[in-house]
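Take a look at this one; I'll ask things after.
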Protein chains: 4
Amino acid sequence: MNADFNGLYYVQFVSKSSKLIMKVDRIVYTARTKYQFVELVEFEEFGLSLILDGLVQSTVADEHIYHEALVHPAMVAHPNPRSVLIIGGGEGATLREVLKHPSVEKAVMVDIDGELVEIAKRYLEPMHRGSFNDPRSEVVIMDGKEYIRKTDRVFDVVILDLTDPYSSEIARDLYSEPFYRELKKILSQNGIVVTQAGCSFYFEDAYDLALNSLKSTFRIVREYGNWVPSFGYLINYIVASDTLDPAAMDPERIDRLLRERRVETRYYSGDVHQSLFKTPALRNTYVKGKK
Amino acid sequence: MNADFNGLYYVQFVSKSSKLIMKVDRIVYTARTKYQFVELVEFEEFGLSLILDGLVQSTVADEHIYHEALVHPAMVAHPNPRSVLIIGGGEGATLREVLKHPSVEKAVMVDIDGELVEIAKRYLEPMHRGSFNDPRSEVVIMDGKEYIRKTDRVFDVVILDLTDPYSSEIARDLYSEPFYRELKKILSQNGIVVTQAGCSFYFEDAYDLALNSLKSTFRIVREYGNWVPSFGYLINYIVASDTLDPAAMDPERIDRLLRERRVETRYYSGDVHQSLFKTPALRNTYVKGKK
Amino acid sequence: MNADFNGLYYVQFVSKSSKLIMKVDRIVYTARTKYQFVELVEFEEFGLSLILDGLVQSTVADEHIYHEALVHPAMVAHPNPRSVLIIGGGEGATLREVLKHPSVEKAVMVDIDGELVEIAKRYLEPMHRGSFNDPRSEVVIMDGKEYIRKTDRVFDVVILDLTDPYSSEIARDLYSEPFYRELKKILSQNGIVVTQAGCSFYFEDAYDLALNSLKSTFRIVREYGNWVPSFGYLINYIVASDTLDPAAMDPERIDRLLRERRVETRYYSGDVHQSLFKTPALRNTYVKGKK
Amino acid sequence: MNADFNGLYYVQFVSKSSKLIMKVDRIVYTARTKYQFVELVEFEEFGLSLILDGLVQSTVADEHIYHEALVHPAMVAHPNPRSVLIIGGGEGATLREVLKHPSVEKAVMVDIDGELVEIAKRYLEPMHRGSFNDPRSEVVIMDGKEYIRKTDRVFDVVILDLTDPYSSEIARDLYSEPFYRELKKILSQNGIVVTQAGCSFYFEDAYDLALNSLKSTFRIVREYGNWVPSFGYLINYIVASDTLDPAAMDPERIDRLLRERRVETRYYSGDVHQSLFKTPALRNTYVKGKK
């Protein structure tokens, strides 16, 4: 009996013509918030995981690969990050990584979905690790665009931990030039911005939208990427600043900085930093009908 | 974004080259008992469901189609069924249907998996409807073959509500002639036996094993079948006796009997009885390489 | 290595929350015609098959189960069917069954998709069996609705072998009262109409549209159904007439008629006729949130 | 109608609990050779592709990412590679990359499956690009282990382009110490060996077998990796030598070497070389039942 493949699976969108189907051990919690469908499941291979609208956001097995790569390159590039703004990042893992840097006095996390944040607080301790309770943390439930327009704060580092640019029209706005121009107004003089940018191989247009919009807005724009197993692809990031260049930092300097700041990581290091910035943003050049 | 199909699914074995994938709303309970992997899930389209080793056994949406067809043809064919033996039938729905016949004084259900029966009692009330608590019910946790060898009781009706003959070697034994010969010894003079027999279209060999074994053992053997949506196929049943012939009963007589016995059903009726016995046991005559 | 399930599969829509995935041996031909996406594949379990817009229409393993059930009940109910109209039925198998009745002088098949008919002629001989070349056959490439408005012919039997009512708005029109009223105008005095009607269990609304529309238009309306393995469900049919009642015919009379007409079938018989009309049109009464 | 996901798909094994399902446009050719099941398909997103026993080996969209990474690091590390041995590599793309280095006088490709090589020659020109016809090429149809024992040739570079270590017992042998010891005997003094090593994240044990076996056999062992989209994961490679260290080469030197040798690549460069060797071999540290 060919029954090996029976059972409970999650079917995840990877690209317009690929799906990743992953064995599920347990459903921990599901809810339809005002903004999205939230599923907490335990995958056989990845453990406790957060899924939003059918896309895996974080799993305990590999979220550190994503969150450490998203946060630390910008944080180490800034000589003294005191105020940090995170837009998105509902599960609190981006906040967790930011707070590892002792210079941080204020970390504001703005997420539009208050219900998601409550769910994360209750169920995702292995991801946020108590970061919501750190006295330096401030969680604001608000549309990120609105927050940026209204705040009178200025930030050294801004981290855009958003859903993918191709997932909705609203999401696209957060990867476009007008948004980055607004964002620049609340950056401090040596400020630096980083965003996840989807997968350049499968979603080249969305990636180029973000890349070109950042290039029109900032003087120094650097691309990097790493494979996150549960995403089914290599995810790309873009970091931008008028003055700071993370790609120019050598491994030894980064390792020294991490030691000085007593930042402990599971994945990120000086060598990994270099691997991230050396990883090319792949494009799919296959065109149907062409040899 | 081609995201329509994302989400949580159950992949169910239908045949050696087909799978049915069904949307899941919720996992209610899972356990690995001594004998099998038990999953209780809520399917979007079928509600609360019992799955054993990757095969859907019962869903609240359609289990009555299966259980009423399994139980009532044999029960109405017997003029006065007082003692009934059920082998298998862990969720208690076969027992529920048997107890609807007021002549029944004793209904013994023998299931090898005591843990499954406890799970059913606790979680599957919409299926057993309290039948385990009926004073006429007796649940015996034992191997069915052993029970048949050891019991000194005699039964008017025996209902074999077993896992499919192709699911394991042990299961095959319960569809073979030696087993039916043992079974005949504990049948009363006008006794009648019924078994589910898998799907003749997809599992012709297993079906023929049961059919031929019953034909070698009993004088009157009748085949019937009906489509059970959540199984992904039309399931076949075989009923056998030396004296009783359910296929010869006309619809009016059955409807009158059901009224006299005050048996209320959701699906079964005189007309449905006739449809069951008129439904041919399909065979797949496609042979690869042949036109 | 859990590799049993690797390989080439067809993912078929069964209902809004179920898919049937079937092992494919070979792709024979694919084309996007003006009207639909046509795929000819060889399934491991079903052999050569026609798929339109992702829905299996016919496989050599089981198309006779569908086409014999669609055609013969109406044909035997009519005492002397001379002129027959088929709307749809591109693969020519409905035509093949119609032509088995020797009284037929003219069988007009109207299909909107001329490319599909050419593909069928070339690749689907095991299905049409040369029926397109029968001198009694006439193939008209035209919208069925338009043909019915324009023709001055009158037909004894009309067979609607259409794509499912839920597959598009255009398809819905062919299952509605205005269409049936038009159709009635070209029926002879003892005329009879039959349509496939999708699956009442999974698509109750579409089924009821067809059923109620026929009931508003004809005096005698009978429902029947049978399980077609490669469809993943039991398919329902509705036959309607002002004078003829196929459900009232007994098996012996049908078997005699088939012998007199020298109609040879693989599946259909007097007993199967009765099984078809006794098979209840199932409804899914499961409502989420209700026990 | 939720029909977006209908159609023809390939279900590919990624890990014991994940599958990648990829849309297929066309089947080009399939054959069961003496050694394996060979499928040539056109994926919607990846074009013409070679699949062996259910595992994607090469697609026109991304095979250069795999083959350039497999071949060039060892080839540039060797100052003057004249004789090269490839074991496996049936589609001829590894050979194609090797032949780009003008110092190569002899490139012997040993593949156990002669039928596969013939299929590649006929259907996979976009992959081999005529490399089989190069006068420096010699194709030997033989078991690689046997070839190594029997040959009296000596090689500067050996490239192991094998199926994955977890795919069979026979495959495992080709990743173990006895094999590497045999291999070392036919390496020239400054010889270098490279092997693909599966995915360390999903198949840690198999990866460690290869890694530890190479470490026991060679003085310098370097790990590298890159994401190959159609594999569904980041693939790891291991390169080993007693004298040469590809990881120690700086990007400028590599770019200069490529220019001098007139090696043209689509993906590989000095910077990519560095990214490869900086990419960490990921391990999945998630253990079920642990927080």
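Of all the residues that make up the range D:52-83, how many are within 14 Å of chain C (Cβ to nearest Cβ) and more than 10 Å from the chain's Cα centre (by Cα)?
5
Just to be sure, is D:V221 at pLDDT 95 or above, farther than 19 Å from A:L276 by Cα, touching a Pro at 6+ places or on another chain (Cβ under 6 Å) and not aromatic (F, W, Y)? So that I can check it myself, show each step before the final result.
Working: at pLDDT 95 or above: yes; farther than 19 Å from A:L276 by Cα: yes; touching a Pro at 6+ places or on another chain (Cβ under 6 Å): no; not aromatic (F, W, Y): yes.
In short, no.
Does the range B:16-30 contain any residue that is at pLDDT below 95, basic (K, R) and under 30 Å from B:F277 (Cβ atoms)?
Within the range B:16-30, one or more residues are at pLDDT below 95, basic (K, R) and under 30 Å from B:F277 (Cβ atoms).
Please determine whether any residue of the range C:148-155 is outside any loop (DSSP other than H, G, I, E, B), in contact (Cβ under 8 Å) with a residue 24 or more places away in the chain and crowded, with 18+ Cβ neighbours inside 10 Å.
For the range C:148-155, residues outside any loop (DSSP other than H, G, I, E, B), in contact (Cβ under 8 Å) with a residue 24 or more places away in the chain and crowded, with 18+ Cβ neighbours inside 10 Å: present.
Another question, if that's okay. B:L234: aliphatic (A, V, I, L, M), modelled with pLDDT of 95 or more and over 22 Å from B:S18 (Cβ atoms), yes or no?
Answer is no for this residue.
Shifting gears a bit: Checking the conditions here, which among D:T59, D:T94 is over 27 Å from D:R153 (Cβ atoms) and in contact with a Leu (Cβ under 9 Å, 6 or more places away or on another chain)?
D:T59
Restricting attention to the range D:229-249, does a residue exist that is in contact with an Asp or Glu (Cβ under 6 Å, 6 or more places away or on another chain) and over 25 Å from D:E63 (Cα atoms)?
No, because not a single residue in the range D:229-249 is in contact with an Asp or Glu (Cβ under 6 Å, 6 or more places away or on another chain) and over 25 Å from D:E63 (Cα atoms).
Let me confirm something: among B:A61, B:A107, B:A74, which residue is hydrophobic (A, V, I, L, M, F, W, C) and farther than 28 Å from C:A281 by Cα?
Numbers: B:A61 fails: farther than 28 Å from C:A281 by Cα; B:A74 fails: farther than 28 Å from C:A281 by Cα.
Going through B:A61, B:A107, B:A74 in turn, just one is hydrophobic (A, V, I, L, M, F, W, C) and farther than 28 Å from C:A281 by Cα: B:A107.
Looking only at the range D:180-201, filter to residues that are free of Cβ contacts under 8 Å to residues at least 60 places away in the same chain and part of a loop (DSSP other than H, G, I, E, B); which one of those is nearest to the other protein chains (Cβ to nearest Cβ)?
D:G198
Condition first: charged (D, E, K, R) and at pLDDT below 95. Now tell me which residues in the range A:205-218 satisfy that.
Residue satisfying the conditions is A:D205 alone.
Here are some residues: D:V76, D:V71, D:V41, D:V84. Which one is assigned by TED's automatic domain parsing to the domain that holds D:L20 and not polar (S, T, N, Q)?
D:V41
Let's see how each residue does on (1) buried (at least 22 other Cβ atoms within 10 Å of the Cβ); (2) under 28 Å from B:V11 (Cα atoms); (3) not assigned by TED's automatic domain parsing to the domain that holds C:V117:
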site: C:S18; (1), (2), (3): yes, yes, yes
site: C:V24; (1), (2), (3): yes, yes, yes
site: C:G47; (1), (2), (3): yes, yes, yes
site: C:D53; (1), (2), (3): no, yes, yes
site: C:N80; (1), (2), (3): no, no, no
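Mind telling me which of the residues A:A240, A:A281 ends up being small (G, A, S) and either in a strand (DSSP E or B) or more than 25 Å from A:A93 (Cβ to Cβ) (or both)? Outline the logic, then answer.
Values: A:A281 fails: either in a strand (DSSP E or B) or more than 25 Å from A:A93 (Cβ to Cβ) (or both).
A:A240 is the lone residue from the list that is small (G, A, S) and either in a strand (DSSP E or B) or more than 25 Å from A:A93 (Cβ to Cβ) (or both).
Run B:E97 past the list (1) outside any helix (DSSP H, G or I); (2) charged (D, E, K, R); (3) at pLDDT 95 or above and report the number of the one that doesn't hold.
All conditions are met except number (1).
Hey, among A:E204, A:E177, A:E125, which residue is within 25 Å of A:P246 (Cβ to Cβ), surrounded by fewer than 18 Cβ atoms within 10 Å (Cβ to Cβ) and within 14 Å of chain D (Cβ to nearest Cβ)?
So the residue among A:E204, A:E177, A:E125 that is within 25 Å of A:P246 (Cβ to Cβ), surrounded by fewer than 18 Cβ atoms within 10 Å (Cβ to Cβ) and within 14 Å of chain D (Cβ to nearest Cβ) is A:E204.
Scanning the range D:154-174 for residues that are more than 14 Å from every other protein chain (Cβ to nearest Cβ) and more than 21 Å from D:E68 (Cα to Cα), which turns out modelled with the highest pLDDT?
The qualifying residue modelled with the highest pLDDT is D:V154.
Which members of the range B:60-75 meet the condition of being surrounded by 24 or more Cβ atoms within 10 Å (Cβ to Cβ) and either among the hydrophobic types (A, V, I, L, M, F, W, C) or part of a loop (DSSP other than H, G, I, E, B) (or both)?
B:D62, B:I65, B:A69, B:L70, B:V71, B:A74, B:M75
Sort out which residues of the range C:11-48 are closer than 14 Å to C:P229 by Cβ, within 7 Å of chain B (Cβ to nearest Cβ) and within 19 Å of the chain's Cα centre (by Cα), and write them in order of number.
C:F46 - this is the single residue of the range C:11-48 that is closer than 14 Å to C:P229 by Cβ, within 7 Å of chain B (Cβ to nearest Cβ) and within 19 Å of the chain's Cα centre (by Cα).
Identify all residues within the range D:1-59 that are among the β-branched types (V, I, T) and either within 19 Å of C:S49 (Cα to Cα) or assigned to a strand (DSSP E or B) (or both); write none if there are none.
Answer for the range D:1-59, where residues must be among the β-branched types (V, I, T) and either within 19 Å of C:S49 (Cα to Cα) or assigned to a strand (DSSP E or B) (or both): D:V11, D:V14, D:I21, D:V24, D:I27, D:V28, D:T30, D:V38, D:V41, D:I51, D:V56, D:T59.
Residues of the range A:128-143 being assigned to a helix (DSSP H, G or I) and either surrounded by 21 or more Cβ atoms within 10 Å (Cβ to Cβ) or modelled with pLDDT under 95 (or both), which ones? Walk me through how you get there before you give the answer.
Start the filter on the range A:128-143 by keeping residues that are assigned to a helix (DSSP H, G or I), which leaves A:128, A:131-133.
Answer for the range A:128-143, where residues must be assigned to a helix (DSSP H, G or I) and either surrounded by 21 or more Cβ atoms within 10 Å (Cβ to Cβ) or modelled with pLDDT under 95 (or both): A:H128, A:S131.
Taking the range B:246-278 as the search range and keeping residues that are under 17 Å from B:A77 (Cβ atoms) and part of a loop (DSSP other than H, G, I, E, B), which one is nearest to the other protein chains (Cβ to nearest Cβ)?
The selected residue is B:S269.
While we're looking at this one, here's another question. Taking only the range B:207-232 into account, find how many residues are more than 14 Å from chain C (Cβ to nearest Cβ) and assigned to a loop (DSSP other than H, G, I, E, B).
Counting residues in the range B:207-232 that are more than 14 Å from chain C (Cβ to nearest Cβ) and assigned to a loop (DSSP other than H, G, I, E, B) gives 2.
Could you check the range C:239-257 and list, in sequence order, the residues that are in contact with a Phe, Trp or Tyr (Cβ under 8 Å, 6 or more places away or on another chain) and not small (G, A, S)?
C:V239, C:D242, C:P246
Table: residues versus (1) under 19 Å from the mean Cα position of the chain (by Cα); (2) in contact (Cβ under 8 Å) with a residue 24 or more places away in the chain.
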site	(1), (2)
B:I220	no, yes
B:E223	yes, yes
B:E252	no, no
B:L257	no, yes
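Further question: Could you say whether any residue in the range D:29-41 is within 30 Å of C:K16 (Cα to Cα) and not polar (S, T, N, Q)?
yes
Let me ask something else. Which one of these does C:Y175 not meet: (1) outside any strand (DSSP E or B); (2) more than 22 Å from C:G90 (Cα to Cα)?
Of the numbered conditions (1) outside any strand (DSSP E or B); (2) more than 22 Å from C:G90 (Cα to Cα), the odd one out for C:Y175 is (2).
The values are calculated or read from the model by the stated rules, or taken from the named source; none is laboratory data. Given the structure is predicted, the values throughout are model-derived calculations rather than measurements. Cβ atoms come from the backbone with ideal geometry, glycine included; neighbour counts cover every protein chain shown.
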